[in-house]
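K.L.:
My questions all concern the structure below.
The values are calculated or read from the model by the stated rules, or taken from the named source; none is laboratory data. The structure presented is a predicted model; accordingly, all values stated were derived computationally and were not measured. All Cβ positions, even for glycine, are placed from backbone atoms using ideal geometry, and neighbour counts span all protein chains on display. Note: accessible area is taken over every heavy atom of the protein model, side chains too, but ligands, DNA and RNA are not part of it. Shrake-Rupley method; radii C 1.70, N 1.55, O 1.52, S 1.80 Å.
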Amino acid sequence: MIQTITLAGGCFWCTEAVFSIIKGVEKIEPGYTGGSVTNPTYEQVSSGTTGHAEAVQISFETNVISLEEILEIFFATHDPTSINRQGADMGTQYRSAVFYQNKEQKAIIEKVISDLNKQEIWDIPIVTKVVPLEVFYFAEAYHKDYYKNHPKQAYCQAVIEPKLIKLQQRYINKLKIA
């Protein structure tokens, strides 16, 4: 069965790159959600005035990977303890949030966060927002497969590459075989 979840973990290029190599992930769409502007542009969202977060909508095969596993990877590959910031990227558009589609997803998300907080992996609690998905706006076409198309770009080398290395070291059994 295919399920969809929407994740905001800072820059959507990073989150897309991470999940593009995970077994069971069938489709990833970068976009914007959580704000008040209809059909926002990247420039509008980047200004921090729309209320939208950069996010990815992930469709995954539940008989290959569970929502819990998707969330575990999500929390391990960004900083869920920073409010409105991921590294040098600052503003509400870079907040950590999970946008759920139904009450079953909400319950799973809340349990995963609770379990991770109990493990005390981070020095402070997770601040990731758990909110219902209202609408998702697809990003402009040039954002799709950004890392795949621009692996030598400075941001990709400095920010995305280390996340992928960490992912490969920690979740080798979850990776797609090329």
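K.L.:
Just wondering, is there one or more residues in the range 13-23 that are of a type in the set (Phe, Trp, Tyr), in a strand (DSSP E or B) and either on the phi < 0 side of the Ramachandran plot or without any contact (Cβ under 8 Å) to a residue 24 or more places away in the chain (or both)?
P.N.:
No: the range 13-23 contains no residue that is of a type in the set (Phe, Trp, Tyr), in a strand (DSSP E or B) and either on the phi < 0 side of the Ramachandran plot or without any contact (Cβ under 8 Å) to a residue 24 or more places away in the chain (or both).
K.L.:
Are any residues in the range 40-57 outside any strand (DSSP E or B), free of Cβ contacts under 8 Å to residues at least 60 places away in the same chain and open to solvent by less than 10 Å² (accessible area, probe 1.4 Å), and if so, which ones?
P.N.:
45, 50
K.L.:
Taking the options 60, 74, name whichever one is farther than 22 Å from residue 142 by Cα, assigned to a strand (DSSP E or B) and in contact with a strand residue (DSSP E or B) (Cβ under 7 Å, 6 or more places away or on another chain).
P.N.:
60
K.L.:
So residue 93 clears everything in (1) out of contact with any Leu (no Cβ under 9 Å at 6 or more places or on another chain); (2) assigned to a helix (DSSP H, G or I); (3) open to solvent by 30 Å² or more (accessible area, probe 1.4 Å) except one condition, right? Which one?
P.N.:
Of everything listed in (1) out of contact with any Leu (no Cβ under 9 Å at 6 or more places or on another chain); (2) assigned to a helix (DSSP H, G or I); (3) open to solvent by 30 Å² or more (accessible area, probe 1.4 Å), residue 93 misses just condition (3).
K.L.:
Continuing with this model, one more query. Looking at the range 120-139, is at least one residue among the polar types (S, T, N, Q) and touching a Ser or Thr at 6+ places or on another chain (Cβ under 7 Å)?
P.N.:
Yes: the range 120-139 contains one or more residues that are among the polar types (S, T, N, Q) and touching a Ser or Thr at 6+ places or on another chain (Cβ under 7 Å).
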